[in-house]
Amino acid sequence: MTRTRRSNPALVVALRESGASLEQIAEAIGRTKERVRQILVKNTGSTSHRLLSTQQLYQQMGLPRSRIIELYKDGIIKPKAEWKTGNHHYLLWPNNIAETISNYYNIHRLCKICGQQLNKGRWVYCSHDCYREGQKYKYKSEEAKQRHLRNIKEYLERRKGHFFIQPRNFS
């Protein structure tokens, strides 16, 4: 960013919408962070940038984080802003990215259970195993499903010690 001494509100808003931090904007226009905040509040009513973080995006879409990153790496979706600090890679997404992802998944259908791409002739599940898993809790509430899974886990924990085979005494 080039450094100027103007505090043009349109420039400040545009920089913020592009994903720049208050500190980056302040440095670019030669003002303090507090002055940038005041300009944003006066002109937009908020200091937020109206972009979605990766976490907000995957929660909104109901997809795992890894799926969002996979779409990004494959070039299917593009962030509005990105930067790296140390080992962290941050991405900010425009609000209309959810529509792009929905359109992509409408074309590229995925299995309801495992998320793998469906083969030709399959509409909901990719395999018989996924079909069985999908039908297992079909008529149960989410609470009943979680209770059942918890009971299975507890049962398996209790049974861990019972699989030790005792040596037989043949005398």
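Here are LEU51, LEU57: which of them is farther than 27 Å from CYS114 by Cα, within 14 Å of the chain's Cα centre (by Cα), among the aliphatic types (A, V, I, L, M) and surrounded by 13 or more Cβ atoms within 10 Å (Cβ to Cβ)?
Details: LEU57 fails: farther than 27 Å from CYS114 by Cα.
Residue meeting the stated conditions: LEU51.
With VAL41, VAL36 as the choices, which residue is touching a helix residue (DSSP H, G or I) at 6+ places or on another chain (Cβ under 9 Å) and of a type outside the set (D, E, K, R)?
Going through VAL41, VAL36 in turn, just one is touching a helix residue (DSSP H, G or I) at 6+ places or on another chain (Cβ under 9 Å) and of a type outside the set (D, E, K, R): VAL36.
Residue by residue, here is whether (1) of a type in the set (Phe, Trp, Tyr); (2) outside the structural domain of TYR72 (by TED's automatic domain parsing); (3) loosely packed, with under 12 Cβ neighbours inside 10 Å; (4) not in a helix (DSSP H, G or I) holds:
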| site | (1), (2), (3), (4) |
| --- | --- |
| ARG122 | no, yes, no, yes |
| TYR131 | yes, yes, no, no |
| GLN146 | no, yes, no, no |
| ARG150 | no, yes, yes, no |
| TYR155 | yes, yes, yes, no |
| ARG158 | no, yes, yes, no |
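Taking interchain pairs and intrachain pairs at least six residues apart, which have beta carbon atoms under 8 angstrom, with the first residue in region 13-37 and part of a helix (DSSP H, G or I) and the second buried (at least 19 other Cβ atoms within 10 Å of the Cβ) and hydroxyl-bearing (Ser, Thr, Tyr)?
Taking only residues 6 or more apart or on different chains, not a single pair turns up.
Residues are listed down the side, and each one gets a yes or a no for (1) closer than 18 Å to ALA98 by Cα; (2) out of contact with any Gly (no Cβ under 8 Å at 6 or more places or on another chain); (3) at pLDDT 85 or above; (4) in the same structural domain as PRO94 (by TED's automatic domain parsing):
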residue: VAL13; (1), (2), (3), (4): no, yes, no, no
residue: GLY19; (1), (2), (3), (4): yes, yes, no, no
residue: ILE25; (1), (2), (3), (4): no, yes, yes, no
residue: GLY30; (1), (2), (3), (4): no, yes, yes, no
residue: LYS33; (1), (2), (3), (4): no, yes, yes, no
residue: VAL36; (1), (2), (3), (4): no, yes, yes, no
residue: MET61; (1), (2), (3), (4): yes, yes, no, yes
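Name the single residue that is farthest from the chain's Cα centre (by Cα) among those in region 76-105 being under 19 Å from GLY19 (Cβ atoms) and part of a loop (DSSP other than H, G, I, E, B).
Among those that are under 19 Å from GLY19 (Cβ atoms) and part of a loop (DSSP other than H, G, I, E, B), it is GLY86.
Test each condition in (1) farther than 27 Å from GLU23 by Cα; (2) touching a residue at least 40 places away in the same chain (Cβ under 8 Å); (3) touching a Ser or Thr at 6+ places or on another chain (Cβ under 7 Å) for ARG65 and report the one that comes out false.
Unmet condition: (2).
The values are calculated or read from the model by the stated rules, or taken from the named source; none is laboratory data. Keep in mind that this is a model prediction, so the values were computed, not measured. Because the Cβ atoms are built from the backbone with ideal geometry, glycine has one as well, and the counts that use them run over all protein chains shown.
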